[in-house]
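Below is one structure, written out as C-alpha cells; the observations come after it.
The values are calculated or read from the model by the stated rules, or taken from the named source; none is laboratory data. Computed from a predicted model, the values in this text were never measured in an experiment. Every residue, glycine among them, receives a Cβ derived from its backbone with ideal geometry; neighbour counts consider all protein chains shown. Ligands, DNA and RNA are stripped out before the accessible areas are found, and what is left, the full protein with its side chains, is counted by its heavy atoms. Shrake-Rupley method; radii C 1.70, N 1.55, O 1.52, S 1.80 Å.
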Amino acid sequence: MAMTATHTHAPAAFPSALIVIAAEVLGAALLWGLLEANSTPVVLALLGVMGAGFALMQIRPQIEDIIVGAFRAARGVALWVGILIVLTYPILLGANTYAMHLVIVALLYSVLALALNFQLGSANIPNFATGATYGIGAYTSALLAIHFGLSMWATLPAAALVATAFGFLLGIPSMRTRDSYLALVTIAFGIVIHQMLNNLSWTGGPNGLVGIPAPSLFGHSFMQPIQFAGIRLPPQANFYYLALALLGLAILSAKRLHESRIGLAWNAIRADELAARSQGINVAWYKILAFAVDAFLAAFAGTIYAFYVSYISPDNFTFLVSVTIMTMVIVGGMDNTFGVIVGAFLLTLLPEKLRIFSDYRLLFVSVVVILFLILRPKGLFPQRQRHYGAHK
Amino acid sequence: MTQPLLSLRGLGIRFGGLVAVDDVDFDLPPSHITCIIGPNGAGKSTLFNLITGIYKPGSGRVLLDGQDITGLPPHQIAAKGVARTFQSSRLFEDLSILDNVMIGMHSRTKTSVLSALLTPRRARRELDACAEEASAILRSLSEELYMRRYEPAGILPQADRRRLEIARALALHPRLILLDEPSSGMDDRDTADLMNDIRRVMRENPGLSFLIIEHDMRLVAELPDDVIVIDYGKKIAQGQFADVRLLPRVQQAYLGQKAVEHA
C-alpha cells in the first residue's frame, strides 16, 4: 500500500497517555490559577511560568515534538480526559461567579476567534469586521426575542442566517480589493454597522436593548442554579455549558473544513493567490465562503452573549472588539484550532487580571502583537502539516 | 486532419501603448510538443497568461478542442484541463509537498462547505483518495519527493521545485500543460531528467500536449516536435528547430541586424 506508516514513534520514556494527561491537567491548573489569582504579582508569576515553558520549547523543539506526538498517539485519551476536565470545571470554580463569568466570555471569544481563523488563519483575509457580524447576530436574536417572543433556540438559526447574509454582502465588494485595501473595506463595514446600531431607533440607539428574556431548556430556566447529584452550581453554569457546546460545534466545524478540500483551497489562497487560481480554485468564491462561515459562527456567539448578559448596546461590538479577536488569532497560532483557543483565553483573562494596566489596554495589545511577531511569528501553536490515511 | 487541441486566432493584447502580443495564430495538435522561443521581453509569458485567462485578450480568440475559452476566468480554464507552471516557480511554500500536489486536484473533487460539515466521512475519504493518487504521482516523478512528501515545499532546491510544479500540473489530469522556462536554474543532468520526465508523461497520457517556453537551446533542439519564434509580440517563424534557426529573421531577433550581416 502507498500509505504505510512512516512515522513510527520510538519507545518514549513515558507512555503517551501519561504525557497527555499531565499536559491537560497542567493546562487546567494554570487556567485555574489565573482565574483565582487576585494580586498582580501572582498573575505575573503564572505568566512567567508559561513564558518559561514556551521559551523552553523554542530552545528545544524536541520537547514540543514529543508532546505533539503523544497527543497524536493517544488521541482517544486526550479527547476523553479533555471532555471530563471541561465538564467538571464549574465544580472547581465553585461559587466564584466572577471567574465563571470570565470563562464564559473567554469561551465566546474562542468561538469568535475560530470564526475569524477561517479567514485570517486559513486564507489570510484580514477581516476587521468580526465584531460587527457578532453584533448583527446579537441584535437579531435580541430583537426577535423581545418583539416576537421567540425563544433563544429559535433565534439561533435566524441570527445565523441574517449574519451570513451580511457576510456575503461584505464579501462581495471585498473581492474587488486585496491586502490592506481589503482590511480598510472591512474596517469601514464594522464602523458602519456600529454607527447604525448607535443611531437607528429600533435598535435602541446608544441605550441598546434591555430585558432580553432568559432562555430555558426542557422546563429548566437558565436563571436557576444547576443541582445534580448533590452538587449545586450557580446559574451562570447554564451558560458555561451552552458556550462550551457552541465552542464544541466551532471546533468540529473547523476540523471538518480543515480536513476537506475547502481547507486545502483556503490554504492555497493564503500561500499564493495566482497559483491557486491556476489550479482551478475559484478564489473569489472561496473568499466569500470564508466571510459567510465567519459570520455564521460569530452570530451564534452573539446570540448566546445577548441572552447571557440580557442587555446589549453598540459598545459591545466596536472596532476594538474586532482588533482583539484578530490579536487572539495571531497570538494563538494561525490556522491551529487549539492555539486560537489559547490565544482567546489569554487575551480575555490578562486585561481583566492586569487591571493596573487598564489605561493602556490598546498599548498592551500592540506590544503583545509586536512581541509575538518578533519572537514567535507563527503564534504560540503554529499550524501543523496535514497527514492522511492510516497514520493521521 | 485531426482537430487541433489548442488554436489561437489573431490573439493580441496591449498594455497602454505597448503591444505585448500581436495577432498570433497558432495550432497545437494533440500529443505534440511545441517550444516557444524568442528574446527576453518578446511576449512569451504574456502569451501564456492570455491562454490561461490571467489576462483577458484585447483581440482574437483562444479555442480548446474547438471550444471558445476566450476571456474565461483562470479557474475555469484550469478545470477544462489546461495546467501550467510559472517562470519563477510558484509553490504553496508553507504547505507540504503532498498538499501541493493535492491542490492540483481541486477541480476534479466535489466536497462543498455543507457536505464537508455534514458528511465528514465522505469528505475525508475524498481527500484520502487524493492523497493516495498524489503520492503515486510524486513517486512516478521522483522517489525522493515521495519520501519527503510531508515536508514543506518551501525548503526544496530548484530542480525539485520544478519537478513538484509538474507533479501539481499532472494532478489536474490536464490535456495541455504549459511550462514556462522549466529548465531555468537546472544543470545539464537535471535538464536531461526533465526531458525524460516529459517524454515519459507523454507516453503515459495519450493526447496530452506540451507548450514550453524555453531558453536552453539543447532542450529546444532535442525535445519538441516543432518550435515557434516570437519577437516583439509577433510570431515570426514556425517549424523544425534545425530549419528555423537558419532563418535570417530569427537570427536578427536574437543577435541584432549588424551581427547577422557580419556572420
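Checked against (1) of a type outside the set (Phe, Trp, Tyr); (2) part of a helix (DSSP H, G or I); (3) at positive phi, residue B:167 meets all criteria but (3).
The rows are residues; the columns are (1) hydrophobic (A, V, I, L, M, F, W, C); (2) assigned to a helix (DSSP H, G or I).
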{"site": "A:163", "(1), (2)": "yes, yes"}
{"site": "A:166", "(1), (2)": "yes, yes"}
{"site": "A:177", "(1), (2)": "no, no"}
{"site": "A:181", "(1), (2)": "no, yes"}
{"site": "A:184", "(1), (2)": "yes, yes"}
{"site": "A:190", "(1), (2)": "no, yes"}
{"site": "A:193", "(1), (2)": "yes, yes"}
{"site": "A:196", "(1), (2)": "yes, yes"}
{"site": "A:227", "(1), (2)": "no, no"}
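Per-residue answers, yes or no, for (1) part of a helix (DSSP H, G or I); (2) within 8 Å of chain B (Cβ to nearest Cβ); (3) of a type in the set (A, V, I, L, M, F, W, C); (4) over 21 Å from residue A:135 (Cα atoms):
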position	(1), (2), (3), (4)
A:246	yes, no, yes, no
A:257	yes, yes, yes, yes
A:269	yes, no, yes, yes
A:284	yes, no, yes, yes
A:298	yes, no, yes, no
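On inspection, residue A:116 does not qualify as closer than 27 Å to residue A:292 by Cβ, in contact with a Ser or Thr (Cβ under 7 Å, 6 or more places away or on another chain) and without any contact (Cβ under 8 Å) to a residue 40 or more places away in the chain.
Of everything in the stretch B:205-238 that is of a type in the set (Gly, Ala, Ser) and open to solvent by 20 Å² or more (accessible area, probe 1.4 Å), the residue that is farthest from residue B:169 (Cα to Cα) is B:221.
Do we have any residue at all in the stretch B:39-48 that's within 14 Å of chain A (Cβ to nearest Cβ) and within 26 Å of residue B:137 (Cβ to Cβ)? Yes, because at least one residue in the stretch B:39-48 is within 14 Å of chain A (Cβ to nearest Cβ) and within 26 Å of residue B:137 (Cβ to Cβ). Would you pick out the residues in the stretch B:41-76 that are of a type in the set (D, E, K, R) and either outside any loop (DSSP other than H, G, I, E, B) or touching a Lys or Arg at 6+ places or on another chain (Cβ under 9 Å) (or both)? Correct list: B:44, B:61, B:65, B:68.
Among the residues of the stretch B:221-263, those identified as within 23 Å of the chain's Cα centre (by Cα) and β-branched (Val, Ile, Thr) are B:227, B:228, B:229, B:230, B:236, B:244. Applying the condition of being within 30 Å of residue B:99 (Cα to Cα) and open to solvent by less than 50 Å² (accessible area, probe 1.4 Å) to the stretch A:353-380 and asking which residue is farthest from the other protein chains (Cβ to nearest Cβ) yields A:369.
Residue B:70 - would you say it is over 17 Å from the mean Cα position of the chain (by Cα), within 9 Å of chain A (Cβ to nearest Cβ), of a type in the set (Ser, Thr, Tyr) and open to solvent by 10 Å² or more (accessible area, probe 1.4 Å)? So residue B:70 fails the test.
Let's see how each residue does on (1) under 16 Å from residue A:22 (Cβ atoms); (2) not β-branched (Val, Ile, Thr):
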residue	(1), (2)
A:35	no, yes
A:38	no, yes
A:42	no, no
A:45	no, yes
A:51	no, yes
A:57	yes, yes
A:62	no, yes
A:65	no, yes
A:68	yes, no
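Residue by residue, here is whether (1) at the interface with chain A (Cβ under 8 Å from one of its Cβ atoms); (2) out of contact with any strand residue (DSSP E or B) (no Cβ under 7 Å at 6 or more places or on another chain) holds:
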position: B:79; (1), (2): yes, yes
position: B:84; (1), (2): yes, no
position: B:89; (1), (2): no, yes
position: B:106; (1), (2): yes, yes
position: B:114; (1), (2): no, yes
position: B:121; (1), (2): no, yes
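Scanning the stretch A:185-202 for residues that are surrounded by fewer than 14 Cβ atoms within 10 Å (Cβ to Cβ) and either touching a residue at least 60 places away in the same chain (Cβ under 8 Å) or out of contact with any Gly (no Cβ under 8 Å at 6 or more places or on another chain) (or both) yields A:192, A:195, A:200, A:201, A:202. Within the stretch A:274-282, one or more residues are part of a helix (DSSP H, G or I), at pLDDT 90 or above and open to solvent by 20 Å² or more (accessible area, probe 1.4 Å). With respect to residue A:114, determine if the residue is among the aliphatic types (A, V, I, L, M) and open to solvent by 10 Å² or more (accessible area, probe 1.4 Å). Here the answer is no, as residue A:114 does not meet what is asked.
Set side by side, the residues A:159, A:123 differ, and just one is open to solvent by less than 10 Å² (accessible area, probe 1.4 Å) and in contact with a Gly (Cβ under 9 Å, 6 or more places away or on another chain), which is A:159. Return yes when residue A:176 is under 24 Å from residue A:270 (Cα atoms) and over 25 Å from the mean Cα position of the chain (by Cα) and no when it is not. Yes, satisfied.
Taken over the stretch B:101-139, residues that are in a helix (DSSP H, G or I) and either open to solvent by 10 Å² or more (accessible area, probe 1.4 Å) or closer than 29 Å to residue A:297 by Cα (or both) amount to 27. The set of residues from the stretch B:202-259 being outside any helix (DSSP H, G or I) and of a type in the set (Gly, Ala, Ser) comprises B:207, B:209, B:233, B:237, B:239, B:256. Looking only at residues in the stretch A:329-350 that are assigned to a helix (DSSP H, G or I) and open to solvent by less than 10 Å² (accessible area, probe 1.4 Å), the one that is nearest to residue A:253 (Cα to Cα) is A:340. Here is the figure for the stretch A:18-35: residues that are under 22 Å from the mean Cα position of the chain (by Cα) and of a type outside the set (Gly, Ala, Ser) total 8.
Restricting the first member to the stretch B:148-177 and to residues that are within 11 Å of another protein chain (Cβ to nearest Cβ), and the second to residues that are outside any helix (DSSP H, G or I) and open to solvent by 30 Å² or more (accessible area, probe 1.4 Å), the beta-carbon pairs closer than 6 Å and six or more apart or on different chains are B:150/A:385; B:152/B:94; B:153/B:93; B:154/B:93.
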